Each structure stands twice: as C-alpha cells, then as structure tokens.
Amino acid sequence: MRLAVRRTPPRLQSPAVTLLFDLLARNARGEEVPHGTTMQWDFSDFEPWYLQLDGVHKVAVQGRAAKPTARMGMRFDDFAELISRRSPPALLMRAAGCARGATRACC
C-alpha cells in the first residue's frame, strides 16, 4: 500500500485513503483521550478527514468536523511519510507548523 500512495496522486487513491483512515480509527486509543476528541486533517492537496474518538467507539469521516479538538494542516505526502514512520514526526510537525488546538490529544 505504501508504494501505491507514494507513486500515484492521492486523488486517484480514494479507496486506499478510505482504508487507511479506517485503519487509523480502529487503531486509535480512544479510551486514553477525553470522549469527543476530534482530530482533523486539512490536506492542501486532498480532501479533509477527521477521526472522532469516543472511548472504544472510533470513526473516520471524510470532511471537516464542526469543532475539532486538534487540527493538522499538511500535504498528503507529508502525512503518508508521518504515518509510515519514514520521517520523524517532530521534524514534519515543526517544519510545517501544522498542529493547532489541543495537540496533546495527538501525542
């Protein structure tokens, strides 16, 4: 899946991106953050997505949350680098200045 995301423009990989965010939601530790925590990704080159975390109930949604707890703005390629652990998170987050809101919920 990494190769498909890296070599093909994101807009052509919508099913893969849906699967990716579904996996992020399933693996999020929602019981470790306050109920209702919402993490928003605003991509400069792709549709926005967010995770809604309510304890063990976790869901990924394409679109913008009304009042996200934390909002991250970045390019989709940077996001792919971050979640695949090919680049150190602190480097990407600091370089982009991308996190706003309750960033503690992201860590």
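Derivation of every value follows stated rules applied to the coordinates shown; laboratory data play no part. Values in this document were obtained by computation on a predicted structure and should not be read as measured data.
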By how many nm would the segment from residue 61 to residue 14 lengthen if fully extended, with 0.36 nm per residue of separation less the alpha-carbon distance? 15.6 nm
Residue-span extension gain [residue 86 to residue 27] - 0.36 nm each, minus C-alpha spacing: 19.3 nm
Full-extension gain between residue 77 and residue 35, please, as 0.36 nm times their residue separation minus the C-alpha to C-alpha distance. 12.2 nm
